[in-house]
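The values are calculated or read from the model by the stated rules, or taken from the named source; none is laboratory data. Here the structure is a predicted model, which means the values were calculated and not measured. Virtual Cβ from ideal backbone geometry, glycine too; neighbours counted across all protein chains shown. These area figures cover heavy atoms from the full protein model, side chains too; ligands, DNA and RNA do not enter into them. Shrake-Rupley method; radii C 1.70, N 1.55, O 1.52, S 1.80 Å.
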Amino acid sequence: MSSAVSLIVGLTGGIGSGKTSVADRFAELGAAVVDTDVIAHELTSAQGAAMPAIIQTFGGGVLQKDGQLDRAAMRRLCFSDPAMRNSLEAILHPLIRSESVARCRREANADHAPYVLLVVPLLIESGAYHEHIDRILVVDCDETQQIARVMARSALSEKEVHDIMATQASRAQRLAVADDVLSNTGARDELLIGIQALHRRYIELGRRAGVTEHV
Ligand code: ADP
């Protein structure tokens with residue numbers, strides 16, 4: 001991606017690993033953050049760009065009263081029927097990808113941040129983002145911590161969290177392709193120290209890449 005900002009970091013990790021918490025801290029430090037989960041929510045809001053195709057494919061039964069996608073109902077449908085899941089992904093994934101790449105470009109060209117952080121929960125599983133990013137940052141924690149944190153923040157049962165984790169890459173698979181790892185097994189304060197160090201490193205890498213691009 002050639003642009004004013006020269007570094008795009010793909011941020012990933014399993015459900016509940018701490019991606020959102022980490023991305024928020026990077027944003028506070030000055031990184032531009034593009035979050036595919038935020039984009040997915042926008043696409044499936046009442047007036048979202050994915051809704052006509054979703055209604056055509058699944059009918060009105062997957063909507064909440066206000067017209068937005070009933071995400072819990074859709075999740076149940078997809079778990080009981082892989083064909084449903086494939087249909088939903090065929091609608092959503094290309095839209096999420098094109099919108100997130102467009103936003104990365106906009107952020108890069110706006111040149112108000114030293115680098116862009118692209119948050120993609122299924123970065124490793126999809127493989128579709130690799131050509132758009134310069135490196136992969138994995139947020140890592142124990143699987144038991146993932147489960148406990150997700151259960152504390154949502155109404156999902158332990159089995160439901162397990163089922164979601166089973167559809168995602170394993171901890172080992174993620175770590176195997178990581179350029180950088182942020183360990184989120186401890187307290188939030190410890191995490192912040194790692195984030196600050198990486199922030200400085202990304203500024204430096206972005207600067208170097210920018211110099212190379214322009215010689
Ligand atoms: P993800 O975006 O990867 O699903 P979140 O950032 O939403 O993960 O974190 C999952 C939950 O765990 C949230 O409720 C968050 O506040 C909490 N959490 C994240 N990091 C820590 C930590 N180091 N200690 C305790 N709770 C944490």
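Counting only residues that are in contact (Cβ under 8 Å) with a residue 40 or more places away in the chain and in contact with an Asp or Glu (Cβ under 8 Å, 6 or more places away or on another chain), which one in region 122-166 is farthest from L7 (Cα to Cα)? Filtering first and then ranking leaves I147.
Each row is one residue, and each column tells you yes or no for (1) within 30 Å of R106 (Cβ to Cβ); (2) part of a helix (DSSP H, G or I).
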site: D24; (1), (2): yes, yes
site: V33; (1), (2): yes, no
site: P52; (1), (2): yes, yes
site: M84; (1), (2): no, yes
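Scanning region 171-196 for residues that are open to solvent by 50 Å² or more (accessible area, probe 1.4 Å) and among the small types (G, A, S) turns up A172, A176, S183, A187. Within region 160-203, the residues that satisfy the criterion of being among the acidic types (D, E) and at pLDDT 95 or above are D179, D180. Give just the number: which of (1) within 16 Å of the ligand (Cβ to nearest atom); (2) in contact with a strand residue (DSSP E or B) (Cβ under 6 Å, 6 or more places away or on another chain) does I195 not satisfy? Every listed condition holds for I195 apart from (2).
What residue, among those in region 34-64 that are within 12 Å of the ligand (Cβ to nearest atom) and of a type in the set (V, I, T), is farthest from Q173 (Cα to Cα)?
Only one residue tops the list, namely V38.
Looking only at region 146-159, decide whether some residue is modelled with pLDDT of 95 or more, closer than 29 Å to A50 by Cα and surrounded by 18 or more Cβ atoms within 10 Å (Cβ to Cβ). Yes: one or more hits. Taken over region 56-76, residues that are surrounded by 15 or more Cβ atoms within 10 Å (Cβ to Cβ), at pLDDT below 95 and either more than 22 Å from the chain's Cα centre (by Cα) or farther than 24 Å from A166 by Cα (or both) amount to 2.
For first residues located in region 8-19 and modelled with pLDDT of 95 or more, partners that are within 6 Å of the ligand (Cβ to nearest atom) and in a loop (DSSP other than H, G, I, E, B) and lie 6+ apart or on another chain with Cβ distances below 9 Å form the pairs G13/N184; S17/N184; G18/N184; K19/G13. The single condition among (1) within 15 Å of the ligand (Cβ to nearest atom); (2) open to solvent by 70 Å² or more (accessible area, probe 1.4 Å) that Q168 does not satisfy is (2). P114 meets all of the listed conditions (1) surrounded by 13 or more Cβ atoms within 10 Å (Cβ to Cβ); (2) assigned to a helix (DSSP H, G or I) but one, namely (2).
I need a count of the residues in region 33-49 that are over 11 Å from the mean Cα position of the chain (by Cα) and open to solvent by 10 Å² or more (accessible area, probe 1.4 Å).
7
The selection criterion, being modelled with pLDDT of 95 or more, over 27 Å from L7 (Cβ atoms) and either among the hydroxyl-bearing types (S, T, Y) or within 16 Å of the ligand (Cβ to nearest atom) (or both), does not hold for I96. Close contacts from region 102-120, counting a first residue that is over 15 Å from T36 (Cβ atoms) and a second that is within 16 Å of the ligand (Cβ to nearest atom), with Cβ to Cβ under 7 Å and a gap of 6+ residues or different chains, come to A113/A31; Y115/V9; Y115/A31.
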